[in-house]
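Visitor: Pasting in a structure now, in structure tokens, and then I'll have a few things to ask.
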Amino acid sequence: MLELKNISYAVKDEQTGKKQTILKDVSLTFPDGAISVITGPNGSGKSTLIKILMGFVRPTSGSVLFNGEDVTALSVTERARKGFTIAFQQPVRFKGITVKDLLELACGRQLNTEGMCECLSSVGLCARNYIDRAVDGTLSGGELKRIELAMAIAKGGEVFLLDEPEAGIDLWSFEDLVKVFQKLHDKTVIIVSHQQRILETADQIVLFDHDKVITAGRKEEMFAALTSSAPLCWRSVKEG
């Protein structure tokens, strides 16, 4: 189980010199074997929370607990060793590294053609067309996004942190992406998303608001709140 206890995060505004609160006294539980989807307006702190969970950002106060252990001070590498896996909102480009190289680095072993196909086909890519491609500017943003998701699948782990994984995914592949999430249902999956179809896969929905109020509950309990704030919180698949 992954828990946040009284997490706050503030940064100094370079122009005014004043502290800007991004997250305030957040306490949440992300159950094992469940998909939790975080949604809400842009700028409300969703991506910052993902960075705190992965260890890229240290909270100003509060604790991150994983299976009862305080991991707040652990580095990204240490959390990865404990089973944390992340896919970013904006994928990273790697000059001189092929897709095959990245997938094998992610899983820590050599992959045969079947293994490559399994990882890449799950995100709508043909291994034959991509394994020897360099992860650089010759790939589109959507292709990079899919490759990053394939890396997360190849790495595996117990906690999957996915920041807007649908970005750059076309409608034809969207349902395949949803199926990937459903296959991870025995893990702790935390997704930041505005997409209604992804929200529908959730066991738990966490709703952020601009006034730092965060509410969480089972999907059935949260849909009324989401519907009332739909212009700010969610989009249909067609809207992108």
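Visitor: In region 142-162, is there at least one residue being more than 21 Å from the chain's Cα centre (by Cα), among the hydrophobic types (A, V, I, L, M, F, W, C) and not in a loop (DSSP other than H, G, I, E, B)?
Guide: no
Visitor: Restricting to region 128-141, give me the number of residues that are of a type outside the set (Val, Ile, Thr) and either in contact with an Asp or Glu (Cβ under 9 Å, 6 or more places away or on another chain) or not in a loop (DSSP other than H, G, I, E, B) (or both).
Guide: Residues flagged as of a type outside the set (Val, Ile, Thr) and either in contact with an Asp or Glu (Cβ under 9 Å, 6 or more places away or on another chain) or not in a loop (DSSP other than H, G, I, E, B) (or both) within region 128-141 amount to 6.
Visitor: Given Glu78, Glu3, which one is surrounded by 13 or more Cβ atoms within 10 Å (Cβ to Cβ), touching a Gly at 6+ places or on another chain (Cβ under 9 Å) and among the charged types (D, E, K, R)?
Guide: Glu3
Visitor: Follow-up question, since we're still on this one. Looking at (1) touching a residue at least 40 places away in the same chain (Cβ under 8 Å); (2) crowded, with 18+ Cβ neighbours inside 10 Å; (3) within 20 Å of Pro165 (Cβ to Cβ), which is the one condition that is false for Gly43?
Guide: (2)
Visitor: Also: Just to verify a result, which residue in region 58-97, among those that are outside any helix (DSSP H, G or I) and touching a Phe, Trp or Tyr at 6+ places or on another chain (Cβ under 7 Å), is farthest from Ile190 (Cα to Cα)?
Guide: Only one residue fits best here, namely Thr60.
Visitor: Say whether the condition of being in contact with a Lys or Arg (Cβ under 6 Å, 6 or more places away or on another chain) and at pLDDT below 80 is met by at least one residue in region 137-160.
Guide: no
Visitor: Also, I was wondering about something else. Which condition number does Val71 fail, the rest of (1) crowded, with 18+ Cβ neighbours inside 10 Å; (2) of a type outside the set (Lys, Arg); (3) modelled with pLDDT under 90 being met?
Guide: (3)
The values are calculated or read from the model by the stated rules, or taken from the named source; none is laboratory data. Computed from a prediction, not measured in an experiment: that's the story for all the values here. As a convention, Cβ positions derive from the backbone with ideal geometry for all residues, glycine included, and neighbour counts pool all protein chains shown.
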